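Novice: Input: one structure, supplied below.
Laboratory data are not the source of any read-out in this text; all were calculated from the coordinates shown. Note that this is a predicted model, so its numbers are computed, not measured. All Cβ positions, even for glycine, are placed from backbone atoms using ideal geometry, and neighbour counts span all protein chains on display.
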Amino acid sequence: MASVKSSSTEIPIRVLLVDDESGYIDVLANRLVKRNFVVKKAYSGTSAIRMLRKDDYDVAVLDLKMEDMSGIDVLKIFKKMMPDMAVIMLTGHGSQTAARMGMNLGAFDYLTKPCSIENLVEKIIDAHLSPPPCKNNQCSQSVETDNKLRR
């Protein structure tokens, strides 16, 4: 369920979980691993940025409020480093405005904490399977290029 088929093999979805609430992120990671995701954990925005420099991820799940830096600031850096990586924002109760701002900055979607594992899994898979967001009307060009390469 948590992998994408590629000819004869399945490629697991690589997820970066970012939250300074270590207990919460540890539980999420364990539940995602049981569903065959490849999961890495970062307990701060700074460590998440370091991890993104070293490895590629398909989807990041990013808390909006962390002690060392805001999720919005981390999102901006993520989008500069890996513009095509999908980012799902996690928000506490009452901070949907900030989550919507994150979506305006390129986040795929947001979930309110605590979220069910089923909702998170569904969002991660949707984010992974969705095409990257369009920038400066370049979508039509990349779709045309992809279609030409498939012929």
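Novice: Report the extension gain between residue 50 and residue 118 in nm, rounded to one decimal, defined as 0.36 nm multiplied by the number of residues separating them, less their alpha carbon distance.
Specialist: Full extension from residue 50 to residue 118 adds 21.6 nm.
Novice: Could I ask something else about it? Roughly how many nanometres apart are two label points built 7 Å out from the Cα toward the Cβ at residue 27 and residue 81?
Specialist: For the pair residue 27/residue 81, the computed spacing is 2.7 nm.
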